[in-house]
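The values are calculated or read from the model by the stated rules, or taken from the named source; none is laboratory data. Treat the numbers as computed from the prediction; the structure is a model and nothing was measured. A quick note on method: Cβ atoms are made from the backbone with ideal geometry, for glycine too, and the neighbour counts reach across all protein chains shown. Protein only, heavy atoms only, side chains kept; ligands, DNA and RNA dropped before computing areas. Shrake-Rupley method; radii C 1.70, N 1.55, O 1.52, S 1.80 Å.
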Amino acid sequence: MKKLTIKLSILAIATAFITSCNPFEIDEIQDPNNPSVGSVSNNASKEQIQFLITGLESRHRGYVSNVTRAWGTFGREIWNLNASDPRNQTDWLGQNGRVPDRSYFGFGNTGGGSWATPYQAVKQADVLIVAGENTENITTASKSAAVGFAKTIQGYQFMIPANWVYSNGIRVDVKDALNPGPFVSYTAALDAIKVILDEGDQALQAAGSGDFPFTLTSGFDNFKTLGKLRQINRAISARLNAYRKDWSGVLTALDGSFMELNGDLNAGPTHPYGAAPDVFNPIYYLPNAPVNSIIVVHPSMLDDATPNDKRVAEKFFKRDEPVLVTTDAGSLVGQYQDGRWESNTDPIPYIRNEELILLKAEAHAQLDQSTEAIQAINIIRNAAGIGSYTGSTSKEALIDEILYQRRYSLWAEPWGHRWIDARRYDRLNEIDTSYDKGTIFTEFPHPQAELSWDEYKGD
């Protein structure tokens with residue numbers, strides 16, 4: 001049996017595998033039930049590598065509920081109405097002068113699903129990488145496959161804290177949780193994430209062709225070969241390169257992705273859900289359910305919609321009875337709820353062909369290639385039943401159109417696209433706050449857990 005030292009955790013990136021450090025150390029105890037880093041760091045078995053991969057898939061979806069609700073609220077895609085806890089309205093909407101601080105609801109303190117969870121996935125990926133690189137129980141190709149998968153998920157997860165705190169920067173060097181590297185700027189963080197994703201792609205390529213040598217869940221149905229996993233890696237890289245404003249890089253990444261102009265717009269990997277012992281889809285609600293906590297469509301989404309847009313009919317379900325929540329900032333009424341899910345076990349996509357086509361349109365528009373941009377725009381518009389684009393072909397007009405289509409195509413997906421899109425185009429002031437009289441946030445400070453760590457070190 002291995003030994004486990006229990007310590008008081010003050011570092012937000014601490015995980016089930018790594019504990020942080022503080023002067024109050026308790027005596028070592030035996031823990032026969034949970035695996036340690038040491039047990040897989042040297043000559044791990046194929047079964048142990050498999051456990052780590054399955055665990056990484058589980059951690060990969062940990063951000064979904066909080067990020068979807070919070071970022072969707074910041075961008076006024078949704079309201080996360082909750083009569084039991086008014087902070088879902090007052091704090092996230094910035095009502096009555098509320099502004100982000102280090103202990104902000106849903107983000108600060110220990111970081112919850114917003115800060116700590118992505119870093120837990122990052123650390124899980126680190127453990128998988130170490131285990132894969134330091135074992136003789138699997139082939140060289142399998143080692144590369146495991147590392148490539150780990151770095152692909154790791155790159156995706158790093159983008160979550162980076163976009164929470166934006167110009168405040170994140171720690172990218174967290175391999176040693178007790179001695180993490182410094183905070184780096186948003187730009188430097190995105191550049192570092194690009195390196196991680198590129199390394200993941202190279203590792204998957206080095207693994208050869210054929211099937212991924214480990215078992216993946218149904219979230220990777222149609223993506224269980226090494227080549228298909230590389231396509232997911234490149235799709236994530238395309239999103240990243242748009243944030244980096246590397247428009248040629250977006251197109252290059254898309255060429256290697258699963259983007260298909262005439263393909264299924266919903267094609268792509270998903271986060272799977274299921275009944276116990278799994279967990280249910282965290283953003284599913286029964287139609288017309290008499291609940292006091294529910295995601296509702298922000299009224300501006302209805303106000304600004306193009307007549308007869310199929311996306312409105314397919315995604316927005318009008319309730320028989322509206323949801324009403326009243327706080328110290330007034331009352332909010334939700335007429336429509338999320339209508340995308342048929343059951344509480346439906347999977348949730350995290351990057352889809354539709355987003356990739358819109359990224360292609362954006363990159364071409366930025367490169368003054370209006371013909372190609374309009375071709376991609378029209379695929380989205382015609383699928384929505386609103387006809388081909390007939391507006392100006394100027395870059396500015398095309399970007400306006402693309403951002404509008406992204407609002408409806410990517411509504412309330414587990415990323416908060418509109419909030420990030422408005423920020424990266426300096427259009428946060430265009431988000432409608434008239435219904436809630438709140439504030440649009442630009443970014444968040446580092447959570448309290450990070451401050452505690454710096455204070456402990458004496459910084």
Q | With eigenvalues of the C-alpha gyration tensor scaled by 5 and rooted, segment 110-266, Å | A | 25, 21, 14
Q) Check HIS298: other-chain or 5+ apart residues with amide H under 5 Å from its amide H, H built from backbone geometry? A) ILE78, TRP79
Q) Near the amide H of THR225, under 5 Å away, which other amide H atoms are found, from residues 5 or more places off or on another chain, if H is placed in the peptide plane? A) PHE212
Q. How much of the accessible area of segment 357-459, probe 1.4 Å, is carbon plus sulfur, in whole percent?
A. 44
Q. Out of segment 218-322, which chymotrypsin sites (Phe, Trp or Tyr not before Pro) are coil in DSSP terms and have no more than 14 other C-beta atoms within 10 Å?
A. PHE280
Q. Rounded to the nearest 0.05, what FRET efficiency is calculated for ALA289 and GLU314 with R0 set to 25 Å and r the Cβ-Cβ distance?
A. 0.80
Q | Pair VAL37, ASN137: separation of 7 Å Cα→Cβ label points (nm) | A | 2.0
Q: Using the heavy atoms of the protein chains and a 1.4 angstrom probe, tell me the accessible area per residue for segment 146-210 in square angstrom.
A: 33
Q: Can you find, among GLY181, VAL195, GLY208, the residue farthest towards the positive end of the dipole of segment 162-210? Put +1 on the C-beta of Lys and Arg, -1 on that of Asp and Glu.
A: GLY181
Q) Between ALA383 and GLU443, 0.36 nm times their residue separation minus their Cα-Cα distance comes to what? A) 18.2 nm
Q. Could you give the distance between the Cα centres of segment 368-407 and segment 69-95, to the whole Å?
A. 31
Q: Compute the whole-percent fraction of alpha carbon pairs in segment 368-450 spaced more than 21 Å apart.
A: 43
Q. In segment 55-102, carbon and sulfur make up what percent of the accessible area (probe 1.4 Å)?
A. 43
Q: With a 1.4 Å probe and every protein chain kept in, tell me what percent of the accessible surface of segment 214-313 is carbon plus sulfur.
A: 52
Q | Most positive-pole-ward Cα, SER84, SER343, THR225, against dipole of the chain from beta carbon charges | A | THR225
Q. Against the longest principal axis of the chain, how steep is helix 448-457, in degrees 0 to 90 to the nearest 10, with axes from Cα atoms?
A. 40
Q: Counting only heavy atoms of the protein chains, get the accessible area per residue of segment 242-284 (1.4 Å probe) and round it to a whole Å² value.
A: 48
Q) For segment 53-97, list residues with backbone N below 20 Å from a point placed 7 Å from the Cα of THR306 toward its Cβ? A) 77
Q: Could you run the Debye sum over the Cα atoms of segment 84-194, one equal point scatterer each and no solvent, and tell me log10 of I(q)/I(0) at q = 0.11 Å⁻¹, two decimals?
A: -0.46
Q) Given a Förster radius of 30 Å and the C-beta distance between ARG424 and ASP173 as r, what FRET efficiency does 1/(1 + (r/R0)^6) yield to the nearest 0.05? A) 0.75
Q) How high is the relative contact order of segment 182-234, in percent, with contacts defined as C-alpha pairs under 8 Å that are six or more residues apart? A) 37
Q. Mean separation of Cα pairs under 8 Å and 6+ residues apart, divided by the residue count of segment 173-283: what relative contact order is that in percent?
A. 22
Q: As a check on your grasp of the helix formula, calculate [θ] at 222 nm for the chain: sum -39500 (n - 2.57) over DSSP H runs of n ≥ 4, divide by the residue count, round to the nearest 500.
A: -14000 deg cm²/dmol
Q | Relative contact order for the chain, counting Cα pairs under 8 Å that sit 6 or more residues apart, in percent | A | 21
Q. Accessible area per residue of segment 297-437 at 1.4 Å probe, in Å²?
A. 41
Q. Do any of LYS151/LYS245; LYS194/LYS315; LYS151/LYS360; LYS123/LYS437; LYS46/LYS175; LYS228/LYS360 go past 31 Å between their Cα atoms, and which?
A. LYS194/LYS315; LYS123/LYS437
